[in-house]
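Taking it in order: structure first as structure tokens, then the write-up.
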Amino acid sequence: MGGDLAVATAILRAACGPRLRTDVPLAPLTSFRLGGPASLFLEPQDDDDLRAASDAIGASGVSFLVLGKGSNVLVADEGFPGLVLRLGRGFRWVARDGDRLLAGGAIALPALAGVAAQHALDGLAFGVAIPASLGGAVRMNAGAHGSQVGDVIEKIDVHMLGEGRRTSLGRVDAGFGYRRSGLAPDAVVVGATFVLHPGDPARIRAAMDAARDWRRATQPLAEPNCGSVFTNPEGDHAARLIEEAGLKGLRVGGARVSDKHANFIVAGEGATAADVRALIDTIRDSVAERTGVMLLPEVRAVGPEDA
């Protein structure tokens, strides 16, 4: 592991006091419910806290991880031996400006979709089916039902950890693509502006209900999982390829390919992050051998080798 944890700890303790925590379990903060602890953990409440994090990272060289709702991440069993940042309540807000919604990076995307519906603003109904924070959804250009976050973004506010400053990017500058953005690794999404349009409240609510029903019917919501494990290859679906390879129900330790949706891995009793990683590798290799298609992981795996 690179960096000096003692230096980072001293800087953050001076700026944030007891809000800086050590050896914090990360499993409860992820939808997989797997993984070890973070050496350092901070929930920044404002720009001052983020500047303190920038100072600590710059002075110590410590590795960092920005965590949202933890719905698209697999933390290694050994944990993350660096600094984990998760935006706090100070970044959990929403405001309306005509047909625009402005929101903080910590707001949950389903909650933001609900606010849009309350104001009869259309364009975000799909977000009710995506269990992500705004920041995480923007970074990965999350989408569902033929829509994606990048389609309705006007502006993104980011804090650049390497430079210790806030800046704004337009939609084009964000470099959105399928399940990705061009945001720099040290860019923390602290807020965004969405351009929506007036809609019929009943129709918006119906679309949201349909998205919820679809999710309940097609995804293993009762079991710990990270959502879609692989991105869809162009013109095809990862789930179809996995299912046709006969991999539904395949197990490695306590991890299993879901019987409900082949592109989901569920963590059963006794599962470890290593089990999930091994199962991901097995699925990828099996599909590649059978079809020649190399599936690309959508889930982000983090651990000591990333620090």
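The values are calculated or read from the model by the stated rules, or taken from the named source; none is laboratory data. In this text, all values refer to a predicted model and were calculated from it rather than measured experimentally. Ideal geometry is used to build each Cβ from the backbone, glycine not excepted, and the neighbour counts take in all protein chains shown. Note: accessible area is taken over every heavy atom of the protein model, side chains too, but ligands, DNA and RNA are not part of it. Shrake-Rupley method; radii C 1.70, N 1.55, O 1.52, S 1.80 Å.
Do we have any residue at all in the range 177-187 that's in a helix (DSSP H, G or I), open to solvent by 10 Å² or more (accessible area, probe 1.4 Å) and either at negative phi or among the basic types (K, R) (or both)? No. Among the residues of the range 226-244, at least one is more than 19 Å from A288 (Cβ to Cβ) and surrounded by 14 or more Cβ atoms within 10 Å (Cβ to Cβ). Looking only at residues in the range 231-256 that are among the hydrophobic types (A, V, I, L, M, F, W, C) and part of a loop (DSSP other than H, G, I, E, B), the one that is farthest from the chain's Cα centre (by Cα) is A245. Looking only at the range 34-70, residues that are closer than 20 Å to A192 by Cα, surrounded by fewer than 24 Cβ atoms within 10 Å (Cβ to Cβ) and not aliphatic (A, V, I, L, M) come to 9 in all.
So, A27, is that one out of contact with any Pro (no Cβ under 6 Å at 6 or more places or on another chain) and surrounded by 22 or more Cβ atoms within 10 Å (Cβ to Cβ) or not? Let's see the steps before the verdict.
On the way: out of contact with any Pro (no Cβ under 6 Å at 6 or more places or on another chain): yes; surrounded by 22 or more Cβ atoms within 10 Å (Cβ to Cβ): no.
Spelling it out, it is not the case that A27 is out of contact with any Pro (no Cβ under 6 Å at 6 or more places or on another chain) and surrounded by 22 or more Cβ atoms within 10 Å (Cβ to Cβ).
Of all the residues in the range 268-307, those that are touching a Gly at 6+ places or on another chain (Cβ under 7 Å), open to solvent by less than 50 Å² (accessible area, probe 1.4 Å) and not hydrophobic (A, V, I, L, M, F, W, C) number 3.
Can you go through S31, S54 and tell me which one is hydroxyl-bearing (S, T, Y), closer than 25 Å to A137 by Cα and in contact with a Cys (Cβ under 7 Å, 6 or more places away or on another chain)?
On the way: S54 fails: in contact with a Cys (Cβ under 7 Å, 6 or more places away or on another chain).
The match here is S31.
Specify the residue that is nearest to H159 (Cα to Cα); the eligible residues are those in the range 86-126 that are under 17 Å from the mean Cα position of the chain (by Cα) and among the basic types (K, R). Per the criteria, the residue is R86.
Out of all the residues in the range 101-108, is one or more open to solvent by 20 Å² or more (accessible area, probe 1.4 Å), in a helix (DSSP H, G or I) and on the phi < 0 side of the Ramachandran plot? Looking for residues that are open to solvent by 20 Å² or more (accessible area, probe 1.4 Å), in a helix (DSSP H, G or I) and on the phi < 0 side of the Ramachandran plot, one finds none in the range 101-108, hence no. Pairs meeting the criteria (first residue in the range 5-17 and over 18 Å from S63 (Cβ atoms), second residue crowded, with 16+ Cβ neighbours inside 10 Å, beta carbons under 7 Å, at least 6 apart or on different chains) are R13/L20; A15/A52; C16/L42; C16/D49; C16/A52.
No other residue among A116, A111 is modelled with pLDDT of 95 or more, open to solvent by less than 20 Å² (accessible area, probe 1.4 Å) and either in contact with a strand residue (DSSP E or B) (Cβ under 7 Å, 6 or more places away or on another chain) or among the small types (G, A, S) (or both) apart from A116. Selection of the range 37-58 for residues being within 22 Å of G303 (Cα to Cα) and assigned to a helix (DSSP H, G or I) yields A53, S54, A56, I57, G58. Among residues of the range 236-257 that are within 14 Å of D281 (Cα to Cα) and of a type in the set (V, I, T), those with a Cβ under 8 angstrom from a residue that is open to solvent by 40 Å² or more (accessible area, probe 1.4 Å) and in a loop (DSSP other than H, G, I, E, B), sequence gap 6+ or separate chain, pair up as I242/K248; V257/K248; V257/L250.
Restricting the range 199-219 to residues that are more than 24 Å from D259 (Cβ to Cβ) and open to solvent by 60 Å² or more (accessible area, probe 1.4 Å) leaves a set whose member that is nearest to the chain's Cα centre (by Cα) is D209.
Tallying residues that are assigned to a loop (DSSP other than H, G, I, E, B) and open to solvent by 70 Å² or more (accessible area, probe 1.4 Å) within the range 143-172 yields 4.
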